[in-house]
1. Return a whole-number percent for the relative contact order of the chain, with Cα pairs under 8 Å and 6 or more residues apart as the contact set.
2. As a check on your grasp of the helix formula, calculate [θ] at 222 nm for the chain: sum -39500 (n - 2.57) over DSSP H runs of n ≥ 4, divide by the residue count, round to the nearest 500.
3. Let me know the charge dipole size of the chain about its Cα centre in debye, to the nearest 20, where only the beta-carbon of Lys, Arg (+1) and Asp, Glu (-1) is charged.
4. Give me the base-10 log of I(q)/I(0) for segment 10-85 at each q in 0.13, 0.26 Å⁻¹, Debye formula, one uniform scatterer per Cα, rounded to two decimals.
5. For segment 236-318, give the magnitude of the charge dipole about the Cα centre (Cβ charges: +1 Lys/Arg, -1 Asp/Glu; no others), in debye to the nearest 20.
6. Could you tell me what a quarter of the Cα convex hull surface of segment 158-298 works out to, in nm² with one decimal place?
7. Have a look at THR159, ASN149, GLY401 and report the one farthest towards the positive end of the charge dipole of the chain, computed about the Cα centre with Cβ charges (Lys/Arg +1, Asp/Glu -1).
8. Can you work out the accessible area per residue across segment 286-429, with the rest of the protein chains kept in place, probe 1.4 Å, in square angstrom?
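The values are calculated or read from the model by the stated rules, or taken from the named source; none is laboratory data. Not measured: the values here are computed from a predicted model. Note that each Cβ is placed from the backbone with ideal geometry, even for glycine, and that neighbours are counted across all protein chains shown. Please note that ligands, DNA and RNA were not included when accessible areas were found on the heavy atoms of the full protein model with its side chains. Shrake-Rupley method; radii C 1.70, N 1.55, O 1.52, S 1.80 Å.
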Amino acid sequence: MGNDDPFENMLAQMDRAETYADVDHGVFERLKYPERTLKVTLPVELESGGVEVFEGYRCQFDSARGPFKGGVRYHPSVTQREVEALAGWMTWKCALVDLPYGGAKGGVICEPKDLTDRDLERLTRRYTEGIRRLIGPETDVPAPDMNTNPQTMAWMMDTYSMYEGYTVPKVVTGKPLEIGGTPGRVAATGRGVSIVTERLFEYLENDLGDATVAIQGFGNVGSHAARLLDDAGARVVATSDVTGAAYDPDGLDVPTLGAHVDAGGLIDEYTAGDLKGADRTRWDEPEMISNAELLELDVDVLIPAAVEGVITAENADRIRANAIVEAANGPTTVAADEVLSQRDVQIVPDILANAGGVIVSYLEWVQNSQEFSWPLETVNAELERRIGSAFDETIDRYDQGDVPDLRTAAYTIALERIARAHEYRGLFP
(Lines give C-alpha, C1' and ligand atoms only; values in the text may rest on other atoms or scores of the structure.)
Protein backbone atom coordinates (compact mmCIF):
# COMPACT_ATOMS: atom_id res chain seq x y z
CA MET A 1 0.00 0.00 0.00
CA GLY A 2 1.37 3.41 -0.96
CA ASN A 3 1.45 5.64 2.11
CA ASP A 4 1.43 8.65 -0.21
CA ASP A 5 -2.04 7.77 -1.51
CA PRO A 6 -4.61 9.39 0.82
CA PHE A 7 -7.45 7.26 -0.57
CA GLU A 8 -5.60 4.01 0.23
CA ASN A 9 -4.88 5.44 3.67
CA MET A 10 -8.61 6.10 4.23
CA LEU A 11 -9.58 2.60 3.04
CA ALA A 12 -6.99 1.08 5.39
CA GLN A 13 -8.45 3.07 8.30
CA MET A 14 -11.91 1.71 7.39
CA ASP A 15 -10.57 -1.85 7.18
CA ARG A 16 -9.06 -1.54 10.67
CA ALA A 17 -12.47 -0.54 12.02
CA GLU A 18 -14.52 -3.21 10.23
CA THR A 19 -13.49 -5.88 12.75
CA TYR A 20 -15.07 -3.85 15.56
CA ALA A 21 -18.04 -2.22 13.80
CA ASP A 22 -21.46 -3.84 13.71
CA VAL A 23 -21.85 -3.33 9.94
CA ASP A 24 -23.09 -5.73 7.27
CA HIS A 25 -20.16 -6.59 4.97
CA GLY A 26 -22.17 -5.75 1.85
CA VAL A 27 -22.93 -2.26 3.15
CA PHE A 28 -19.30 -1.86 4.27
CA GLU A 29 -18.09 -2.64 0.73
CA ARG A 30 -20.48 -0.01 -0.69
CA LEU A 31 -18.97 2.59 1.63
CA LYS A 32 -15.58 2.22 -0.08
CA TYR A 33 -16.80 3.82 -3.30
CA PRO A 34 -17.80 7.46 -3.87
CA GLU A 35 -21.22 7.95 -5.47
CA ARG A 36 -19.81 10.22 -8.16
CA THR A 37 -16.81 12.38 -9.04
CA LEU A 38 -17.00 15.18 -11.60
CA LYS A 39 -13.88 16.45 -13.36
CA VAL A 40 -14.13 19.90 -14.93
CA THR A 41 -11.84 21.81 -17.30
CA LEU A 42 -11.63 25.52 -16.53
CA PRO A 43 -10.20 27.92 -19.15
CA VAL A 44 -9.56 31.27 -17.43
CA GLU A 45 -8.47 34.55 -19.01
CA LEU A 46 -5.71 35.84 -16.73
CA GLU A 47 -5.06 39.50 -15.93
CA SER A 48 -1.54 39.10 -17.29
CA GLY A 49 -3.02 38.24 -20.70
CA GLY A 50 -3.56 34.84 -22.26
CA VAL A 51 -5.73 31.93 -21.19
CA GLU A 52 -4.70 29.22 -18.73
CA VAL A 53 -6.59 25.94 -18.48
CA PHE A 54 -7.09 24.61 -14.94
CA GLU A 55 -8.52 21.26 -13.81
CA GLY A 56 -11.02 20.92 -10.98
CA TYR A 57 -12.99 18.17 -9.23
CA ARG A 58 -16.08 17.69 -7.08
CA CYS A 59 -16.56 14.33 -5.38
CA GLN A 60 -19.85 13.34 -3.72
CA PHE A 61 -19.09 10.36 -1.50
CA ASP A 62 -22.21 9.24 0.34
CA SER A 63 -25.67 10.79 0.75
CA ALA A 64 -27.41 8.24 3.00
CA ARG A 65 -27.65 10.71 5.91
CA GLY A 66 -28.45 13.89 3.98
CA PRO A 67 -27.13 16.44 1.46
CA PHE A 68 -23.44 16.34 0.58
CA LYS A 69 -21.19 18.74 2.50
CA GLY A 70 -17.55 19.57 2.03
CA GLY A 71 -14.91 22.17 1.33
CA VAL A 72 -13.19 23.38 -1.82
CA ARG A 73 -9.38 23.63 -1.86
CA TYR A 74 -7.04 25.44 -4.24
CA HIS A 75 -3.60 23.81 -4.25
CA PRO A 76 -0.98 22.62 -6.76
CA SER A 77 -1.04 19.08 -5.29
CA VAL A 78 -4.82 18.52 -5.68
CA THR A 79 -5.59 15.14 -7.32
CA GLN A 80 -8.78 13.19 -7.94
CA ARG A 81 -7.69 10.56 -5.40
CA GLU A 82 -7.03 13.21 -2.75
CA VAL A 83 -10.43 14.85 -3.32
CA GLU A 84 -12.15 11.43 -3.08
CA ALA A 85 -10.28 10.61 0.15
CA LEU A 86 -11.23 13.97 1.67
CA ALA A 87 -14.87 13.41 0.65
CA GLY A 88 -14.77 10.04 2.42
CA TRP A 89 -13.30 11.61 5.57
CA MET A 90 -16.05 14.25 5.44
CA THR A 91 -18.64 11.44 5.32
CA TRP A 92 -17.27 9.78 8.48
CA LYS A 93 -16.81 13.16 10.18
CA CYS A 94 -20.42 14.28 9.63
CA ALA A 95 -21.68 10.92 10.92
CA LEU A 96 -19.39 10.98 13.98
CA VAL A 97 -20.58 14.44 15.09
CA ASP A 98 -24.14 13.42 14.11
CA LEU A 99 -24.89 16.02 11.43
CA PRO A 100 -27.59 15.26 8.81
CA TYR A 101 -25.07 15.37 5.95
CA GLY A 102 -23.12 13.14 3.62
CA GLY A 103 -19.53 13.92 2.63
CA ALA A 104 -18.19 15.75 -0.41
CA LYS A 105 -15.04 17.63 -1.39
CA GLY A 106 -13.87 19.87 -4.20
CA GLY A 107 -10.53 21.04 -5.48
CA VAL A 108 -8.81 22.98 -8.24
CA ILE A 109 -5.20 22.33 -9.25
CA CYS A 110 -3.59 25.77 -9.03
CA GLU A 111 -1.05 27.86 -7.12
CA PRO A 112 -3.13 30.69 -5.61
CA LYS A 113 0.00 32.73 -4.82
CA ASP A 114 0.64 33.05 -8.57
CA LEU A 115 -2.85 34.41 -9.29
CA THR A 116 -4.26 37.91 -8.78
CA ASP A 117 -7.54 38.49 -6.93
CA ARG A 118 -9.24 39.04 -10.29
CA ASP A 119 -7.76 35.74 -11.58
CA LEU A 120 -9.03 33.93 -8.47
CA GLU A 121 -12.49 35.42 -8.91
CA ARG A 122 -12.66 34.30 -12.55
CA LEU A 123 -11.34 30.84 -11.65
CA THR A 124 -13.87 30.51 -8.80
CA ARG A 125 -16.80 31.58 -10.96
CA ARG A 126 -15.73 29.25 -13.77
CA TYR A 127 -15.35 26.36 -11.30
CA THR A 128 -18.76 27.11 -9.76
CA GLU A 129 -20.35 27.07 -13.21
CA GLY A 130 -18.59 23.77 -13.91
CA ILE A 131 -19.97 22.03 -10.80
CA ARG A 132 -23.27 23.98 -10.73
CA ARG A 133 -25.33 20.97 -11.83
CA LEU A 134 -24.09 18.99 -8.79
CA ILE A 135 -24.37 21.59 -6.04
CA GLY A 136 -27.44 23.15 -4.40
CA PRO A 137 -28.79 24.00 -0.94
CA GLU A 138 -30.59 20.64 -0.64
CA THR A 139 -28.07 18.54 -2.61
CA ASP A 140 -24.44 19.60 -2.05
CA VAL A 141 -23.22 22.57 0.01
CA PRO A 142 -19.56 23.66 -0.52
CA ALA A 143 -17.44 25.47 2.10
CA PRO A 144 -13.92 26.91 2.40
CA ASP A 145 -10.87 24.65 2.71
CA MET A 146 -7.16 25.09 2.02
CA ASN A 147 -6.45 28.45 0.26
CA THR A 148 -10.14 29.39 0.01
CA ASN A 149 -11.99 31.78 2.30
CA PRO A 150 -15.24 33.76 2.82
CA GLN A 151 -14.55 35.82 -0.33
CA THR A 152 -14.29 32.61 -2.39
CA MET A 153 -17.64 31.49 -0.98
CA ALA A 154 -19.20 34.88 -1.80
CA TRP A 155 -18.16 34.48 -5.46
CA MET A 156 -19.53 30.91 -5.49
CA MET A 157 -22.85 31.99 -3.99
CA ASP A 158 -23.17 34.90 -6.41
CA THR A 159 -22.42 32.74 -9.46
CA TYR A 160 -24.94 30.09 -8.41
CA SER A 161 -27.55 32.77 -7.58
CA MET A 162 -27.14 34.43 -11.02
CA TYR A 163 -28.20 31.19 -12.71
CA GLU A 164 -31.13 30.69 -10.31
CA GLY A 165 -32.37 34.26 -10.74
CA TYR A 166 -32.55 34.98 -7.00
CA THR A 167 -30.16 35.02 -4.03
CA VAL A 168 -29.46 31.56 -2.56
CA PRO A 169 -27.35 32.10 0.60
CA LYS A 170 -27.51 28.49 1.78
CA VAL A 171 -25.84 27.00 -1.32
CA VAL A 172 -22.46 27.51 0.44
CA THR A 173 -21.28 28.02 4.02
CA GLY A 174 -18.32 29.98 5.33
CA LYS A 175 -19.68 33.18 3.73
CA PRO A 176 -19.00 36.75 4.88
CA LEU A 177 -21.43 37.89 7.61
CA GLU A 178 -23.01 40.49 5.30
CA ILE A 179 -24.42 37.84 2.97
CA GLY A 180 -25.59 35.17 5.38
CA GLY A 181 -22.42 33.98 7.06
CA THR A 182 -22.42 33.11 10.74
CA PRO A 183 -20.20 34.61 13.44
CA GLY A 184 -17.65 32.05 14.63
CA ARG A 185 -17.27 30.19 11.32
CA VAL A 186 -13.75 31.40 10.45
CA ALA A 187 -12.36 30.36 13.86
CA ALA A 188 -14.56 27.25 14.18
CA THR A 189 -12.09 24.52 13.13
CA GLY A 190 -9.31 25.92 15.33
CA ARG A 191 -11.76 26.38 18.22
CA GLY A 192 -12.86 22.74 17.86
CA VAL A 193 -9.20 21.63 17.93
CA SER A 194 -8.59 23.58 21.16
CA ILE A 195 -11.79 22.23 22.79
CA VAL A 196 -10.82 18.64 21.92
CA THR A 197 -7.26 19.20 23.19
CA GLU A 198 -8.62 20.48 26.52
CA ARG A 199 -10.99 17.50 26.75
CA LEU A 200 -8.13 15.10 26.02
CA PHE A 201 -6.07 16.60 28.85
CA GLU A 202 -9.02 16.21 31.24
CA TYR A 203 -9.42 12.58 30.14
CA LEU A 204 -5.69 11.87 30.65
CA GLU A 205 -5.88 13.77 33.98
CA ASN A 206 -3.14 16.18 32.91
CA ASP A 207 -3.07 19.94 33.40
CA LEU A 208 -3.26 21.94 30.17
CA GLY A 209 -1.77 24.89 32.08
CA ASP A 210 1.60 23.13 32.25
CA ALA A 211 1.46 21.66 28.74
CA THR A 212 3.82 22.25 25.83
CA VAL A 213 2.29 22.30 22.34
CA ALA A 214 3.83 22.17 18.85
CA ILE A 215 1.58 23.14 15.92
CA GLN A 216 2.64 22.30 12.37
CA GLY A 217 0.95 24.93 10.21
CA PHE A 218 -0.05 28.46 11.23
CA GLY A 219 -2.83 28.98 8.68
CA ASN A 220 -6.46 29.57 9.61
CA VAL A 221 -6.80 26.40 11.71
CA GLY A 222 -3.37 26.34 13.34
CA SER A 223 -3.37 30.04 14.22
CA HIS A 224 -6.82 29.98 15.88
CA ALA A 225 -5.94 26.80 17.80
CA ALA A 226 -2.65 28.40 18.92
CA ARG A 227 -4.38 31.57 20.17
CA LEU A 228 -7.05 29.65 22.09
CA LEU A 229 -4.60 27.19 23.65
CA ASP A 230 -2.29 30.09 24.57
CA ASP A 231 -5.29 31.79 26.24
CA ALA A 232 -6.01 28.54 28.11
CA GLY A 233 -2.50 28.64 29.60
CA ALA A 234 -0.69 26.10 27.40
CA ARG A 235 2.80 26.91 26.11
CA VAL A 236 2.90 26.94 22.31
CA VAL A 237 6.62 26.24 21.79
CA ALA A 238 6.68 25.86 18.00
CA THR A 239 4.67 26.57 14.88
CA SER A 240 5.43 26.70 11.18
CA ASP A 241 4.61 27.67 7.62
CA VAL A 242 6.22 26.85 4.25
CA THR A 243 9.40 28.74 5.21
CA GLY A 244 10.00 26.55 8.28
CA ALA A 245 9.22 26.59 12.00
CA ALA A 246 9.75 29.04 14.87
CA TYR A 247 10.82 27.27 18.08
CA ASP A 248 11.15 28.66 21.60
CA PRO A 249 11.12 26.17 24.50
CA ASP A 250 9.87 28.96 26.82
CA GLY A 251 6.82 29.49 24.61
CA LEU A 252 6.25 31.66 21.55
CA ASP A 253 4.67 35.11 21.79
CA VAL A 254 1.48 33.90 20.05
CA PRO A 255 -0.43 37.24 19.88
CA THR A 256 2.57 38.98 18.28
CA LEU A 257 3.22 36.12 15.88
CA GLY A 258 -0.49 36.09 14.99
CA ALA A 259 -0.49 39.83 14.23
CA HIS A 260 2.66 39.40 12.10
CA VAL A 261 1.12 36.56 10.04
CA ASP A 262 -2.26 38.34 9.76
CA ALA A 263 -0.37 41.26 8.18
CA GLY A 264 1.08 38.92 5.55
CA GLY A 265 4.32 38.04 7.32
CA LEU A 266 6.17 34.72 7.17
CA ILE A 267 7.68 32.63 9.97
CA ASP A 268 11.28 33.10 8.78
CA GLU A 269 10.78 36.90 8.87
CA TYR A 270 9.41 36.60 12.40
CA THR A 271 12.40 34.62 13.69
CA ALA A 272 14.70 37.20 12.06
CA GLY A 273 12.90 39.97 13.99
CA ASP A 274 11.46 41.50 10.80
CA LEU A 275 7.93 42.04 12.13
CA LYS A 276 4.87 43.10 10.18
CA GLY A 277 1.83 44.48 11.99
CA ALA A 278 3.16 43.97 15.52
CA ASP A 279 5.86 44.87 18.03
CA ARG A 280 7.27 41.94 19.92
CA THR A 281 6.12 42.19 23.51
CA ARG A 282 8.44 39.52 24.86
CA TRP A 283 12.21 39.63 24.45
CA ASP A 284 12.33 36.16 22.95
CA GLU A 285 14.32 35.30 19.85
CA PRO A 286 12.86 32.03 18.59
CA GLU A 287 15.15 29.82 16.56
CA MET A 288 14.33 28.56 13.09
CA ILE A 289 13.92 24.78 12.69
CA SER A 290 12.49 22.66 9.87
CA ASN A 291 8.92 21.38 9.65
CA ALA A 292 10.31 17.85 10.03
CA GLU A 293 12.13 18.83 13.25
CA LEU A 294 8.94 20.41 14.62
CA LEU A 295 7.12 17.07 14.31
CA GLU A 296 9.81 15.38 16.41
CA LEU A 297 9.96 17.88 19.31
CA ASP A 298 9.60 16.57 22.86
CA VAL A 299 6.20 18.11 23.67
CA ASP A 300 3.01 17.12 25.48
CA VAL A 301 0.86 17.49 22.39
CA LEU A 302 1.62 17.71 18.68
CA ILE A 303 -1.01 19.31 16.41
CA PRO A 304 -0.42 18.67 12.70
CA ALA A 305 -2.48 21.45 11.05
CA ALA A 306 -1.06 21.54 7.53
CA VAL A 307 -1.32 18.80 4.90
CA GLU A 308 -1.96 15.06 4.90
CA GLY A 309 0.65 12.31 5.21
CA VAL A 310 3.28 14.06 7.38
CA ILE A 311 3.52 11.38 10.12
CA THR A 312 4.71 8.22 8.40
CA ALA A 313 6.38 4.87 9.09
CA GLU A 314 9.72 6.67 8.51
CA ASN A 315 9.36 9.25 11.30
CA ALA A 316 6.82 7.63 13.68
CA ASP A 317 9.59 6.19 15.88
CA ARG A 318 11.04 9.67 16.33
CA ILE A 319 7.75 11.34 17.36
CA ARG A 320 8.20 12.27 21.02
CA ALA A 321 4.84 13.94 21.70
CA ASN A 322 2.68 12.22 24.33
CA ALA A 323 -0.47 12.91 22.31
CA ILE A 324 -1.40 14.02 18.79
CA VAL A 325 -4.49 16.06 17.88
CA GLU A 326 -5.08 15.90 14.12
CA ALA A 327 -6.16 19.37 12.96
CA ALA A 328 -5.28 18.54 9.32
CA ASN A 329 -7.06 15.87 7.30
CA GLY A 330 -5.19 12.56 7.10
CA PRO A 331 -1.85 13.69 8.60
CA THR A 332 -0.99 10.21 9.93
CA THR A 333 -0.54 7.18 7.69
CA VAL A 334 -1.91 3.79 8.77
CA ALA A 335 1.61 2.37 9.16
CA ALA A 336 2.51 5.26 11.49
CA ASP A 337 -0.75 4.75 13.39
CA GLU A 338 0.24 1.20 14.25
CA VAL A 339 3.67 2.27 15.53
CA LEU A 340 2.22 5.10 17.67
CA SER A 341 -0.64 2.94 18.95
CA GLN A 342 1.87 0.34 20.21
CA ARG A 343 3.71 3.14 22.02
CA ASP A 344 0.42 4.32 23.64
CA VAL A 345 0.57 7.74 21.99
CA GLN A 346 -3.04 8.93 22.08
CA ILE A 347 -4.17 10.29 18.70
CA VAL A 348 -7.41 12.28 18.49
CA PRO A 349 -8.35 11.53 14.86
CA ASP A 350 -9.00 14.18 12.23
CA ILE A 351 -12.66 13.18 11.81
CA LEU A 352 -13.19 14.29 15.43
CA ALA A 353 -10.48 16.90 16.06
CA ASN A 354 -11.20 19.13 13.06
CA ALA A 355 -14.99 18.73 12.96
CA GLY A 356 -15.56 22.23 14.38
CA GLY A 357 -15.64 23.70 10.87
CA VAL A 358 -18.39 21.47 9.55
CA ILE A 359 -20.39 21.80 12.79
CA VAL A 360 -20.49 25.60 12.44
CA SER A 361 -21.09 25.27 8.68
CA TYR A 362 -24.16 23.22 9.59
CA LEU A 363 -25.27 25.94 12.04
CA GLU A 364 -24.82 28.55 9.27
CA TRP A 365 -26.90 26.43 6.86
CA VAL A 366 -29.66 26.03 9.48
CA GLN A 367 -29.73 29.79 10.10
CA ASN A 368 -29.94 30.43 6.32
CA SER A 369 -32.77 27.87 6.06
CA GLN A 370 -34.68 29.64 8.83
CA GLU A 371 -33.72 33.12 7.56
CA PHE A 372 -32.67 33.85 11.14
CA SER A 373 -29.32 34.56 12.78
CA TRP A 374 -27.82 33.68 16.16
CA PRO A 375 -25.23 35.58 18.21
CA LEU A 376 -21.65 34.32 18.49
CA GLU A 377 -22.21 32.99 22.05
CA THR A 378 -24.99 30.68 20.80
CA VAL A 379 -22.86 29.41 17.92
CA ASN A 380 -19.80 28.76 20.11
CA ALA A 381 -21.90 27.06 22.82
CA GLU A 382 -23.51 24.76 20.24
CA LEU A 383 -20.10 23.98 18.71
CA GLU A 384 -18.74 23.06 22.15
CA ARG A 385 -21.80 20.93 22.94
CA ARG A 386 -21.69 18.98 19.69
CA ILE A 387 -17.94 18.35 19.46
CA GLY A 388 -17.82 17.60 23.22
CA SER A 389 -20.59 15.05 22.86
CA ALA A 390 -18.78 13.35 19.94
CA PHE A 391 -15.54 13.33 21.99
CA ASP A 392 -17.35 11.70 24.94
CA GLU A 393 -18.93 9.04 22.69
CA THR A 394 -15.53 8.25 21.15
CA ILE A 395 -13.88 7.97 24.59
CA ASP A 396 -16.73 5.75 25.85
CA ARG A 397 -16.30 3.45 22.85
CA TYR A 398 -12.53 3.31 23.42
CA ASP A 399 -12.94 2.68 27.15
CA GLN A 400 -15.00 -0.45 26.43
CA GLY A 401 -11.56 -1.95 25.83
CA ASP A 402 -11.96 -3.84 22.57
CA VAL A 403 -10.77 -1.20 20.07
CA PRO A 404 -7.03 -0.46 19.86
CA ASP A 405 -7.16 3.35 19.61
CA LEU A 406 -9.35 6.45 19.45
CA ARG A 407 -9.37 6.51 15.63
CA THR A 408 -10.83 3.01 15.43
CA ALA A 409 -13.38 3.98 18.10
CA ALA A 410 -14.41 7.06 16.08
CA TYR A 411 -14.61 5.12 12.81
CA THR A 412 -16.70 2.41 14.47
CA ILE A 413 -19.31 4.97 15.58
CA ALA A 414 -19.34 6.74 12.19
CA LEU A 415 -19.53 3.57 10.07
CA GLU A 416 -22.34 2.11 12.20
CA ARG A 417 -24.39 5.32 11.84
CA ILE A 418 -23.97 5.44 8.06
CA ALA A 419 -24.62 1.71 7.71
CA ARG A 420 -27.88 2.04 9.69
CA ALA A 421 -28.97 4.85 7.35
CA HIS A 422 -28.23 2.62 4.33
CA GLU A 423 -30.09 -0.33 5.86
CA TYR A 424 -33.19 1.78 6.58
CA ARG A 425 -33.19 3.32 3.13
CA GLY A 426 -32.45 0.11 1.21
CA LEU A 427 -31.37 0.01 -2.44
CA PHE A 428 -33.16 1.87 -5.22
CA PRO A 429 -34.68 0.66 -7.50
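1. Numbers: 885 pairs, mean separation 74.7, N = 429.
Relative contact order comes out at 17 percent.
2. -13500 deg cm²/dmol
3. On the way: 39 positive and 73 negative charges, 358 e Å.
In debye, rounded to 20, the chain gives about 1720.
4. Log-scaled intensity ratios, in q order: -0.55, -1.27.
5. On the way: 4 positive and 19 negative charges, 47 e Å.
Computed about the Cα centre, the dipole is about 220 debye.
6. Numbers: hull surface 42.1 nm².
The orientation-averaged projected area of the Cα hull of segment 158-298 comes to 10.5 nm².
7. So the residue we want is THR159.
8. Working: 5850 Å² over 144 residues.
Computed with neighbouring chains in place, this is 41 Å² per residue.
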